[in-house]
Structures are given as C-alpha cells and as structure tokens.
Amino acid sequence: MKRNAFLFHAVFIGLLVFSGCSYIPVQWPDFPIGSDPGEKPAPAGEKDASSRDSAESTGSRPETVKAEGAGTAEKNAIERHLAQGDVLAALDGVGENVRQGAGDQSVSSAYVRAVNRAIREAGSRLEQDRPADAGRLFRAAQTHYPQDPALASRIRLTPAELDAGIAKCAQQLMEEGLSAYRQERLEDAIEIWEKIIVFDPMHRAGRSAIETAERQLANLKKIGPGPEQESR
C-alpha cells in the first residue's frame with residue numbers, strides 16, 4: 001500500500017507539472033486600501049451629457065428622454081450596488097451598450113469606477129490570502145472589461161494583467177489543494193481545487209487534479225478503511 005501511494009503521488013505531481021500550473025507575476029498598482037482608486041481622466045473631447053443637452057433645442061424628442069431615463073436608472077443601479085459593497089452585482093448591471101461606449105458620461109464614469117473597484121478589491125483579497133475571492137473579482141473585471149478604447153484607457157489593469165492575476169489566484173489554490181492532498185485529505189483537496197473552476201472553468205491542471213483525486217477517493221471507499229484507519 002505504501003509503495004502504491006508513493007507511485008500515485010509521483011504520477012499525480014507529474015500530472016500537475018505537465019498541465020502547466022505556472023503563472024505570470026503581476027506588479028499590482030498601489031491602490032489605497034479602503035478607498036476607491038482615482039479614475040483616469042476622460043478623453044479631452046468628451047463632454048458632459050447634460051451640457052450637450054442644454055446646447056440643443058429645448059424641445060426634447062420622446063426617444064431621447066427615454067434613453068436618458070434608462071441611462072439614469074443604470075447609473076443609479078451601479079452606484080447603489082457599489083455603495084452596498086457588492087461590486088459583482090454592480091458589474092452585472094452594466095449593459096453591453098455601455099461597455100461599447102454608447103452610454104452617457106455619468107453612466108460610463110460609474111461603470112469605470114465599478115471595474116476599478118473590482119480590481120482594487122481583488123488585490124486586497126490577495127493580500128489577505130483569499131485567492132478564491134480575488135479570482136472571482138479578477139474574472140468579473142475581465143468579463144466586463146470595456147470594449148470602447150477610450151473607456152479601456154481608464155481601467156487600472158490591462159486584460160493581460162487581469163489574466164495574470166487570475167492565473168496567480170489559481171496557482172495559490174493549486175498549491176493549497178496539493179498540500180491537503182499530501183496529507184491524504186482528499187475531500188478537502190477536491191473542495192479547494194473546485195474553487196478554481198468557479199473563476200477559471202478551463203483550468204486544465206485544476207480539472208485534472210479534481211478528476212484524479214475523485215478517482216482515488218472512490219477507490220478508497222470501495223476497498224474500505226485499512227488496518228491503520230480501523231484502529232483509530
């Protein structure tokens with residue numbers, strides 16, 4: 001049994017190395033903990049929506065009023081979730097048109113703040129040794145990243161840097177799960193590795209580790225506890 005366990009450990013560690021668990025180190029911006037990072041300035045030619053409206057004729061068309069009302073509601077929803085500390089819900093409320101730069105300035109500013117808040121909080125979670133939470137926030141920032149170049153220029157990290165942050169979170173969880181696995185805590189190891197799949201569903205090493213540990217756990221349940229375990 002000891003020889004088999006040794007062989008299994010060797011094969012398993014080789015599998016993790018082969019699957020590619022490395023990550024790209026990230027130089028995190030110096031965001032002040034407990035406050036939102038300042039936004040990058042909007043492009044010089046960008047005007048406030050209300051200023052544009054005042055320069056136009058006072059007779060607003062119904063569709064314009066409707067669009068402004070929808071924008072105000074979207075902005076208020078984002079701001080409300082941010083005030084409640086729920087940055088994931090704030091980003092979920094961002095429409096595709098806003099990501100493409102079609103929203104007015106007030107909505108766009110709230111949107112940029114939400115993405116930058118997610119990045120700041122992700123960095124904070126990493127400092128607190130909470131890679132699962134950090135990974136979810138990095139993934140949310142990446143998923144809701146602006147498609148409009150002008151808005152993207154106001155985001156604190158690039159998509160490549162967000163990828164590196166996600167990889168770093170996954171790497172920390174892989175190592176944490178491997179530590180539990182070496183202690184023969186298979187169920188704990190599986191639970192840890194499953195946290196990776198939440199924010200990185202295509203993580204090959206994590207999926208391979210889960211499948212391998214689940215097979216071993218199933219085999220152990222079939223043969224029952226060994227003499228050492230029965231004596232405990």
Output yes when any residue across the range 77-95 is closer than 30 Å to residue 212 by Cα, open to solvent by 20 Å² or more (accessible area, probe 1.4 Å) and of a type in the set (Gly, Ala, Ser), and no when none is.
no
I'd like the full set of residues that are of a type in the set (A, V, I, L, M) and either at pLDDT below 95 or surrounded by 24 or more Cβ atoms within 10 Å (Cβ to Cβ) (or both), limited to the range 127-139.
134, 137
Single match in 117, 80 (criterion: under 30 Å from residue 193 (Cα atoms) and basic (Lys, Arg)):
117
Of all residues in the range 155-182, count the ones that are open to solvent by 10 Å² or more (accessible area, probe 1.4 Å) and touching a Pro at 6+ places or on another chain (Cβ under 6 Å).
2
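Give the residues of the range 196-207 that are in a helix (DSSP H, G or I) and open to solvent by 30 Å² or more (accessible area, probe 1.4 Å), sorted by residue number.
Listed by number, the residues that qualify are 197, 198, 204, 207.
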Which members of the range 69-101 meet the condition of being assigned to a loop (DSSP other than H, G, I, E, B) and free of Cβ contacts under 8 Å to residues at least 12 places away in the same chain?
84, 85, 86
By residue number, the members of the range 143-154 that are assigned to a helix (DSSP H, G or I) and open to solvent by less than 40 Å² (accessible area, probe 1.4 Å) are 150, 151, 152
Quick check: anything in the range 213-224 open to solvent by less than 40 Å² (accessible area, probe 1.4 Å) and at pLDDT below 95?
yes
Candidate set: the range 183-195, residues that are among the charged types (D, E, K, R), in a helix (DSSP H, G or I) and within 20 Å of residue 129 (Cβ to Cβ); chosen: the one least open to solvent (accessible area, probe 1.4 Å):
188
Evaluate the range 218-227: report whether one residue or more is in contact with a helix residue (DSSP H, G or I) (Cβ under 6 Å, 6 or more places away or on another chain), of a type outside the set (Ser, Thr, Tyr) and in a helix (DSSP H, G or I).
no
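The values are calculated or read from the model by the stated rules, or taken from the named source; none is laboratory data. Note that the structure is a prediction, hence the values are computed from the model and not measured. A quick note on method: Cβ atoms are made from the backbone with ideal geometry, for glycine too, and the neighbour counts reach across all protein chains shown. In case anyone asks, the SASA skips ligands and DNA or RNA and just uses the protein heavy atoms, side chains included. Shrake-Rupley method; radii C 1.70, N 1.55, O 1.52, S 1.80 Å.
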